[in-house]
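The values are calculated or read from the model by the stated rules, or taken from the named source; none is laboratory data. Remember, predicted model here, so these are calculated numbers, not experimental data. Cβ atoms come from the backbone with ideal geometry, glycine included; neighbour counts cover every protein chain shown. Note: areas computed on protein heavy atoms with side chains; ligands, DNA, RNA excluded. Shrake-Rupley method; radii C 1.70, N 1.55, O 1.52, S 1.80 Å.
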Amino acid sequence: MIETIPFLSIITFLPLFGAACLLLVVRGTEAEVANNSRWVALWTSGVTFVLSLFVWIGFDPSTADFQFVEKVDWLPSYGIGYHMGIDGISLFFVILSTFLTPLCVLASWEAIKTRVREYMIAFLVLETMMVGMFCALDYVLFYVFFEGVLIPMFLIIGVWGGARRVYATFKFFLYTLLGSVLMLVALLVMYLHAGTTDIPTLMVTAFPEEWQIWLFLALMASFAVKVPMWPVHTWLPDAHVEAPTAGSVILAGVLLKMGAYGFLRFSVPMLPLATADMTGVIFALSVIAVIYTSLVALAQEDMKKLIAYSSVAHMGFVTAGIFAMTQQAVEGALYQMLSHGVVSGALFLCVGVVYDRLHTREIARYGGLANTMPRYALVFMLFMMASVGLPGTGGFVGEFLIMLGVFQVSPWTALLIATGVILGAVYMLYLYWRVIYGKLEKPDLKGLLDLSPREVAVFAPLVLVVLWMGIYPSTFLGPMHATVTNLIDGYQTALAAADGLSVAAR
Amino acid sequence: MYVATIFLPLLGALVVGFFGRRLGDTASQWITSGAMGLSALLAVALFWEVAILGQAQTIDLLAFISSGDLAVSWALKVDTLSAVMLLTVSWVSFLVHVYSIGYMHHDPSIPRFMAYLSLFTFFMYMLVTASNLIQLFFGWEGVGLASYLLIGFWYERKSANEAAIKAFVVNRVGDFGFLLGIFAVFLLFGTVNLEAIFAAAPDHAETTVNLFGVEWHALTIICVLLFIGAMGKSAQLGLHTWLPDAMEGPTPVSALIHAATMVTAGVFMVARMSPLYEWAPTALMLVTLVGAATAIFAATVGCVQNDIKRVIAYSTCSQLGYMFFALGVGAYQAAIFHLMTHAFFKALLFLGAGSVIHAMSDEQDMRHMGGIWKNIKLTYALMWIGSLALAGVPFFAGFYSKDMILEVAWAAGSPAGTLAFVLGISAAFLTAFYTWRMLFMTFHGKPRANEHVMAHVHESPAVMTVPLGALALGAVFSGMVAYDAFVGDGHTGFWRDSIAYNVQAGAEAGGRTDDHGAATDSHGAADAQGDAHAAGDHGAAADAHGAGVLERAHHTPILIKILPLIVTAGGILLAFLFYVLRPSWPVALAARFPAVYRFLLHKWYFDELYAAVFVRPAHALGRILWRGGDQAIIDGFGPDGVAAVTRWVAVQMRRFQTGYVYHYAFLMILGLAAFVSWRLAVA
């Protein structure tokens, strides 16, 4: 029976339905509207999360095929369909999106005071776009969701953001625009070659070798910006700094994973030869990302900027892992994305907690918070340690598997990105010292209250997930195995076939 | 029962960590100390079953990471080696827990302190019972975390924070090597489970592997990388700088973590991996040299320090050097023996120093002490016991273990071993000197503290002195009692197959004397021939060959055996001369050789060097990359540049839109003229 229910469409469009309700149904005074909007958004995203858990429960980890597949003709004469489905790669990104959204709603409960209804609508639309993007199995559908994600994000930063929000959205827009245009061109070329935009079909289509590199570069222009890879990362710190807390959480937690997901869904399976050619370049960019941005993070004076730069470094691990193309590295990359989604989201929430109280993110304005906020200090410590990859937290498993896998392919790359393990500890501990430890001297810090019950409710699930991911990673690694094995097998087969061809040609 | 032994401290830590404020200080102390005491009792039972009765086993708890060929579980590996470590760690930790009740009684955050101590103990347990390298790394990083938290326990102090971060980061540098070592192990063996690695090690005796563009002897590069991890954790020369600074933590922490247990994790790790090291003589030589260099380096610096805790810290560093060169010559058992005795007498010295500091109203500078032995006679006596054990005076614990190490270094017969012996003897002289310098400066002479402090000098309460007494028992008897089983005739029956027996070096001495400069001493060589692969089964192999470096060490010349005693006596006499009879002499000596004195006082300028080479450039580079790289270049030519160009073009274009009809008319005529001339030219 479970096969007949269109689960993926339900969890994709339920938030949109909630948004429509907010727009059409909620009425009353401003305060009533604000309060009702919060509750509607919380319930909608909460129910969506619970429904998404059924997808996880119903997921069969033994097969690499797409599951929960829904296929409806959309533009049949052009071979474009409404095709949804998930595999071991996308499953947890769906869960991650539905998991973080209710927490974001809860975290914005008191922080957002103006245009609450519009804010909640933006978040619910954002959720629809994110989930749809990870479920889409048609390139056109994917493209719609992929670009659609940006619209609510622009609005969230541009309307509810900080002082330089217009500059930040402009920069964000400029970077993504160029990538999107090139990605669209790639879409057209692939469509003209294959005659369909169906992703599973495209995955088994062999694109001519001389096209592959160009298609790869066009796709990379879009994905690299999203990851973000060095040197197209500079939009991220600005966007994070200006975004409201919950916006940062989604930005770091889910949006950054779209690029890496794109590499895994399109570049690697569809363009294996170009992938093999570009591995060295990606490794080099990843190494630069890790070392360069770690050093830059060390110099930051703004908490959010520091964590934003650390995100770039962590995503450098991910890109290296994806292109190493060993079982451990790819699974590690997926795992790192999940744990980074939770951990960096949690770190931005940690910043949000003190920002709500003092309205500044400048590190120098803090110090000695351990005295007045012991619970906060504990939570922050846990996520900081997860961020530096302490074993026992989710951060370790991903980093370790990536480095282990990359080492088998390129010891030099593993050696260089492993320096991130040292540098990561430096900037995070330095941050923690300046904010939490030290003497409590500044008068306005003395009255700060520790975490409220609402804030505890936001952090508790995150804490549990981070520890769970660190102690019993099998829960999350298990469903990935079959899909990743399939991905790597396909890649190796394609390379071997091309090798055979070139030998035969000679 | 084994599981309870390991997890009781974690339980205590969690309960007190989360509910400590509600439970109150006394309940927190009782819960953590009680859980720890129970764990220590269980550890005795465990030691009996595992080490004495020989029931080694591995207990699987839970699946951990599995990805492709990599499959590891959470599992407890209890054999003789881990049982020895568990016994030592649990008892020292329990005694430190009890001592802390007294020492920390005026501190405002007692529950937090007790929770950290218990948490540390749990991580240390996980480290010593790991059955695979990833779990070992879990414990390894966990003790690092606990160390960071406890060094920075008084988090309001700037120096404590700096020391805590330094400890974590320097350890991370070591971990960097450790991690690469694990990756290389996986590359070579396809597994990270210890049993499987050890079983496969002999097959890879000749394997080479290409890493970082160089063709390496596989096991050598693996062992060197792992050793870098051990250097970080065990504060060996080059990565030692964090240990003296770690004395910023409360004294019980220094005793437990930075003397008795955590800093010995590196020694334990090398001993644990000894079946690999046995096949990597070059790596062993490196271990020997680094250990010997650390032993002498730290001893020289210890001679000029004025902070009582720093003297003991450098002493720890130096003693760890001894353990490493024992490992390096293949006498893993002797290293663990010294690890165990050292845990007792060094914890005793630290806690004794804590008792002195407590009595002196938190004064740590020995220049402000002196003449207090009459006021705190019990502490004074206990400090004497610790010092005698450290210096290796006969029949105290250090005598058995340290002399054993010096003898094996001699018996190894290799150039590195001989060098280690010479440096070790020199360090033994310095050890005796700085130890008695400390005793004399602290307890004898005229009181140099002010009257207010002197009026307050008092003996510590029983809750502190009783643990001291218990440690003193260990410092006196542990060497005597354990000698036979650890390094004497009974050692193969005791260790069984938990440690390698240096048969490889023996076999090499017989078979390939030219190779790698391993053992060349003729004592062991005679009957050490045969198939080197027999080393896979270490116990049997050792029985068959009977020629490990330990056996040879029992046959060293009498002069070698008594030389340590002679230099120790010399060191004590020199300290007596300098600090009791002629206190003006050391001052004059320092004035006479100011460069040498400054060099030692500044700890060979390691901190200054690292600050100049790593710390300041990293910060500066970060700022340059941010302002220059991100903001000026990437943004400048990227989005900001594009925006600026667009704006500039727009401004230029606007100039044409003047609104005057004659401007537009003029342009139209200009255009018409250009068009006509172009047509004419084409035609």
Of all the residues that make up the range A:436-445, how many are of a type outside the set (Phe, Trp, Tyr) and either open to solvent by less than 30 Å² (accessible area, probe 1.4 Å) or more than 14 Å from A:Val354 (Cβ to Cβ) (or both)? 6
Inspect the range A:461-481 for any residue being in contact with a Gly (Cβ under 9 Å, 6 or more places away or on another chain), of a type in the set (Ser, Thr, Tyr) and within 13 Å of chain B (Cβ to nearest Cβ) and give the result as yes or no. no
Tally the residues that are charged (D, E, K, R), in contact (Cβ under 8 Å) with a residue 60 or more places away in the chain, in contact with a helix residue (DSSP H, G or I) (Cβ under 9 Å, 6 or more places away or on another chain) and open to solvent by 80 Å² or more (accessible area, probe 1.4 Å), restricting the search to the range B:356-377. 1
Going residue by residue through the range B:148-155, is there one that turns out to be part of a helix (DSSP H, G or I), closer than 25 Å to B:Leu339 by Cβ, at pLDDT below 95 and not aliphatic (A, V, I, L, M)? yes
Which numbered condition trips up A:Met373, out of (1) hydrophobic (A, V, I, L, M, F, W, C); (2) under 30 Å from A:Ala333 (Cβ atoms); (3) surrounded by fewer than 24 Cβ atoms within 10 Å (Cβ to Cβ)? (2)
Select from the range A:74-88 the residues that are aliphatic (A, V, I, L, M) and open to solvent by less than 10 Å² (accessible area, probe 1.4 Å) and list them in ascending order. A:Met84, A:Ile86
Filtering the range A:219-245 down to residues that are within 12 Å of chain B (Cβ to nearest Cβ) and in a helix (DSSP H, G or I), which residue is nearest to A:Ile282 (Cα to Cα)? A:Val225
Of the residues A:Ser344, A:Ser339, which single one is within 14 Å of chain B (Cβ to nearest Cβ), buried (at least 24 other Cβ atoms within 10 Å of the Cβ) and either in contact with a Lys or Arg (Cβ under 6 Å, 6 or more places away or on another chain) or modelled with pLDDT of 90 or more (or both)? A:Ser339
Can you find a residue in the range B:99-108 that is touching a Phe, Trp or Tyr at 6+ places or on another chain (Cβ under 6 Å), in a loop (DSSP other than H, G, I, E, B) and at pLDDT below 95? yes
When the range A:84-101 is examined, which residues are found to be of a type in the set (Phe, Trp, Tyr) and closer than 17 Å to A:Phe123 by Cβ? A:Phe99
Looking at the range B:43-72 only, could you name the residues that are outside any loop (DSSP other than H, G, I, E, B), without any contact (Cβ under 8 Å) to a residue 60 or more places away in the chain, buried (at least 19 other Cβ atoms within 10 Å of the Cβ) and within 14 Å of chain A (Cβ to nearest Cβ)? B:Ser67
Just name the residue that is farthest from the other protein chains (Cβ to nearest Cβ) out of those in the range B:209-244 that are assigned to a strand (DSSP E or B) and touching a helix residue (DSSP H, G or I) at 6+ places or on another chain (Cβ under 6 Å). B:Val209
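Find the residue count for the range B:199-208, including only residues that are outside any strand (DSSP E or B) and open to solvent by 30 Å² or more (accessible area, probe 1.4 Å).
Total satisfying the criteria: 5.
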Does the range B:153-185 hold any residues that are touching a residue at least 12 places away in the same chain (Cβ under 8 Å), open to solvent by less than 10 Å² (accessible area, probe 1.4 Å), at the interface with chain A (Cβ under 7 Å from one of its Cβ atoms) and farther than 27 Å from B:Ala115 by Cβ, and which are they? B:Leu179, B:Leu180
Identify the single condition in (1) touching a Leu at 6+ places or on another chain (Cβ under 8 Å); (2) closer than 27 Å to B:Ala500 by Cα that B:His97 does not satisfy, given that it satisfies every other one. (2)
Tell me, yes or no, whether the range A:107-117 has at least one residue that is in contact with a Leu (Cβ under 6 Å, 6 or more places away or on another chain), more than 13 Å from A:Cys135 (Cβ to Cβ), of a type outside the set (Lys, Arg) and modelled with pLDDT of 85 or more. yes
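Any residue at all in the range B:670-677 that is hydrophobic (A, V, I, L, M, F, W, C) and in contact (Cβ under 8 Å) with a residue 60 or more places away in the chain?
Within the range B:670-677 (the criterion being hydrophobic (A, V, I, L, M, F, W, C) and in contact (Cβ under 8 Å) with a residue 60 or more places away in the chain), the answer is no, since none of the residues qualifies.
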Those residues of the range A:430-445 which are more than 16 Å from A:Val343 (Cα to Cα) and either within 14 Å of chain B (Cβ to nearest Cβ) or under 26 Å from the mean Cα position of the chain (by Cα) (or both) amount to A:Tyr430, A:Trp433, A:Arg434, A:Val435, A:Ile436, A:Tyr437, A:Gly438, A:Lys439, A:Leu440, A:Glu441, A:Lys442, A:Leu445
The range B:28-57, residues that are closer than 17 Å to B:Val98 by Cβ, among the aliphatic types (A, V, I, L, M) and out of contact with any helix residue (DSSP H, G or I) (no Cβ under 8 Å at 6 or more places or on another chain): B:Leu41
Here the residues within the range A:273-303 that are more than 19 Å from A:Pro411 (Cα to Cα), more than 10 Å from chain B (Cβ to nearest Cβ) and buried (at least 24 other Cβ atoms within 10 Å of the Cβ) are A:Met303
Which one of these does B:Thr191 not meet: (1) more than 11 Å from chain A (Cβ to nearest Cβ); (2) among the hydroxyl-bearing types (Ser, Thr, Tyr); (3) assigned to a helix (DSSP H, G or I)? (3)
Does A:Leu306 count as open to solvent by 10 Å² or more (accessible area, probe 1.4 Å), farther than 19 Å from A:Phe396 by Cα, in contact (Cβ under 8 Å) with a residue 12 or more places away in the chain and over 14 Å from the mean Cα position of the chain (by Cα)? no
Residues that are open to solvent by 10 Å² or more (accessible area, probe 1.4 Å) and in contact (Cβ under 8 Å) with a residue 12 or more places away in the chain: which helices (runs of 4 or more DSSP H) entirely in the range B:265-343 hold 3 or more of them? B:281-302
Being of a type in the set (A, V, I, L, M, F, W, C) and open to solvent by 30 Å² or more (accessible area, probe 1.4 Å) is the requirement here; does A:Ala496 meet it? yes
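Among what's in the range A:19-62 and is acidic (Asp, Glu) and in a helix (DSSP H, G or I), pick the residue that is least open to solvent (accessible area, probe 1.4 Å).
Only one residue fits best here, namely A:Glu32.
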